[in-house]
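A short worksheet on the structure shown next.
The values are calculated or read from the model by the stated rules, or taken from the named source; none is laboratory data. Not measured: the values here are computed from a predicted model. Neighbour counts are summed over all protein chains in view; Cβ atoms, including those assigned to glycine, are modelled from backbone coordinates with ideal geometry. Surface accessibility is based on the protein's heavy atoms, side chains included, excluding ligands, DNA and RNA. Shrake-Rupley method; radii C 1.70, N 1.55, O 1.52, S 1.80 Å.
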Amino acid sequence: MKLSILNLAPVREGQTYLQAVESMVNLAKHAENIGIERYWIAEHHNMKNLVSSATALLIQHTLANTKTLRVGSGGVMLPNHSPYVVAEQYGTLETLYPNRVELGLGRAPGTDMQTAAALRRGRNSLDFPAEIAELRGYFKDCNPVSAYPSAGLNIPFYILGSSTESAYLAAELGLPYAFASHFAPRMMEMAVEIYRKNFKPSTYLAEPYVILGVNAIVAETDKEARQLATTQTLFFLNVVTNAQQNLQPPMASEEDVWKAQMHAQKKPHFGPVDFEEIPIYNQERAVVEQMTACSLIGSPESVEFQLKQLRERVHFDEIMAVSYIFDEKKQAQSYTMLKAIVDKQ
């Protein structure tokens, strides 16, 4: 089994955007040193706590500061972009850094609808399969117009998804499938089963290949890992509430996160009622727990056991780990320990 990294390029509390980019590059260098399979950078827009908006530029910067690491998009949200421009950009990257560039392709906008409209500037086409075919055509140089220098280059495509629809598409196209279980695990098992059952061999891939997104936090002890993971909980709580806070230092415990959230909300005042027991006050917690259900958190021994349990549930070939750890040294150590665990599988 292989291990890869997905980076949303979060801005840590106290960082500038430039420092957040430097953190992204430092993690890439560490990934290269420990033998990580691939390093993907996400695409998000109109989110002040993430710097991953101009993904192609971040990929180029990462490639320029590493030597052998394969760097890709996790992903290019294709409805936001002209396939022609994507071909030109990534063809240029492949020309500059041969055999190190990868294209993960997604159908979601990676933002809200108002921002999506600003990105598209009147583009009405939302036919994801057709846009993939158009993009492929520029690299094969069989479209009515050519996109240089991408014409004739062979950059590997990956289909990203969080639904059964994307599973059918990846299977039909005979492409590797990366499932976003790191934030949307609900259909994970069904989607992977559909992909494997319906896979059609292609000139690009002979057998199905599944990359599973997971959240991963490994520390010396379970207690330390759970504490570090409060940063992850805070991150996803921000997603649910759209607070867009920078990545926060860890709190003492998971319960402290939710107690702080309760105090931050305005409570009604009628009678001696424990409002923590009322469902409306548990909705945010329930959503966060659902989103983070595919997480490996604990000591190396605990994470190894959790990974084995996950492999019993779903058949995958590679994990792509996201690690929301505030301390960069501890984040690097977490990936080092996770790599050792994966290498034993």
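Does Glu312 meet the test of being at pLDDT below 95, open to solvent by 60 Å² or more (accessible area, probe 1.4 Å) and part of a helix (DSSP H, G or I)? Spell out how you get there, then give the answer.
Numbers: at pLDDT below 95: no; open to solvent by 60 Å² or more (accessible area, probe 1.4 Å): yes; part of a helix (DSSP H, G or I): yes.
Considered against the rule, which asks whether it is at pLDDT below 95, open to solvent by 60 Å² or more (accessible area, probe 1.4 Å) and part of a helix (DSSP H, G or I), Glu312 comes out as no.
Just give me the residues in region 315-345 being under 21 Å from Glu224 (Cβ atoms), surrounded by fewer than 16 Cβ atoms within 10 Å (Cβ to Cβ) and under 17 Å from the mean Cα position of the chain (by Cα), in sequence order.
Correct list: empty.
When region 62-79 is examined, which residues are found to be more than 18 Å from the chain's Cα centre (by Cα) and charged (D, E, K, R)?
The one that is more than 18 Å from the chain's Cα centre (by Cα) and charged (D, E, K, R): Lys67.
Under 7 Å between Cβ atoms, which residue pairs at least 6 apart in sequence (or on different chains) link something in region 131-148 that is open to solvent by 30 Å² or more (accessible area, probe 1.4 Å) with a partner that is basic (Lys, Arg)?
As it stands, the answer is none, since no pair meets every condition given.
When Ser4 is evaluated against the numbered criteria (1) in a helix (DSSP H, G or I); (2) within 19 Å of Gly72 (Cβ to Cβ), which criterion, by number, is the only one it fails?
(1) is the only condition that Ser4 fails.
Tell me, yes or no, whether region 174-197 has at least one residue that is in a loop (DSSP other than H, G, I, E, B), small (Gly, Ala, Ser), open to solvent by 50 Å² or more (accessible area, probe 1.4 Å) and modelled with pLDDT of 95 or more.
For region 174-197, residues in a loop (DSSP other than H, G, I, E, B), small (Gly, Ala, Ser), open to solvent by 50 Å² or more (accessible area, probe 1.4 Å) and modelled with pLDDT of 95 or more: absent.
So how many residues does region 181-217 have that are among the acidic types (Asp, Glu) and within 16 Å of the chain's Cα centre (by Cα)?
Taking region 181-217 as the starting set, the residues that turn out to be among the acidic types (Asp, Glu) are 189, 193, 207.
Then drop every residue that is not within 16 Å of the chain's Cα centre (by Cα), which leaves none.
Of the residues in that region, 0 qualify.
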